[in-house]
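The values are calculated or read from the model by the stated rules, or taken from the named source; none is laboratory data. Bear in mind the structure is a predicted one, so any value in this text is a computation, not a measurement. For neighbour counting, all protein chains shown are included, and Cβ atoms are generated from backbone atoms with ideal geometry for every residue, glycine included.
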Amino acid sequence: MMRVKVLYDGSYSKFAGQKSGVQHLQAGDEVEFPKWYAESLIADNIAEKVYDNVAETVFAEDLEADEPLPAQVERHLGIDATEAAKEMAAEFGIELATVPGTGSGGRILVSDVRRAIDDDN
């Protein structure tokens with residue numbers, strides 16, 4: 001099941017076990033649908049997925065489950081890292097949000113990313 005927010009007033013299929021029918025929803029209503037149906041509504045720009053956290057909400061289309069946060073989300077979360085540290089983190093699948101920075105003002109350095117890589121192994 002996937003939770004979505006519908007973008008338009010209208011009638012939508014409802015699924016309850018083996019039974020199906022129609023439910024009338026208004027724009028902004030949140031409802032759970034089977035994943036395949038929810039994904040088709042999202043693909044047709046009829047609904048959008050409801051997320052649990054801000055970073056996922058703002059840039060969900062750019063995220064993969066095992067992919068590091070993109071630069072836009074890092075800025076949104078206040079993550080400060082050198083370009084080299086960002087590149088290394090992306091290469092090794094390290095989320096910078098989980099790396100404590102030891103540079104000036106808490107900036108994440110390459111050495112911090114190396115430490116995180118070593119900790120993962």
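Here are a few things to note about the model shown:
- A Cβ distance below 7 Å, combined with a sequence gap of six or more or placement on separate chains, defines the contacts here; from the stretch 33-58, residues that are at pLDDT 55 or above reach residues that are surrounded by fewer than 15 Cβ atoms within 10 Å (Cβ to Cβ) and part of a helix (DSSP H, G or I) in the pairs Lys49/Ala60; Tyr51/Thr57; Tyr51/Ala60.
- Single unsatisfied condition, Glu74 versus (1) modelled with pLDDT of 55 or more; (2) assigned to a loop (DSSP other than H, G, I, E, B): (2)
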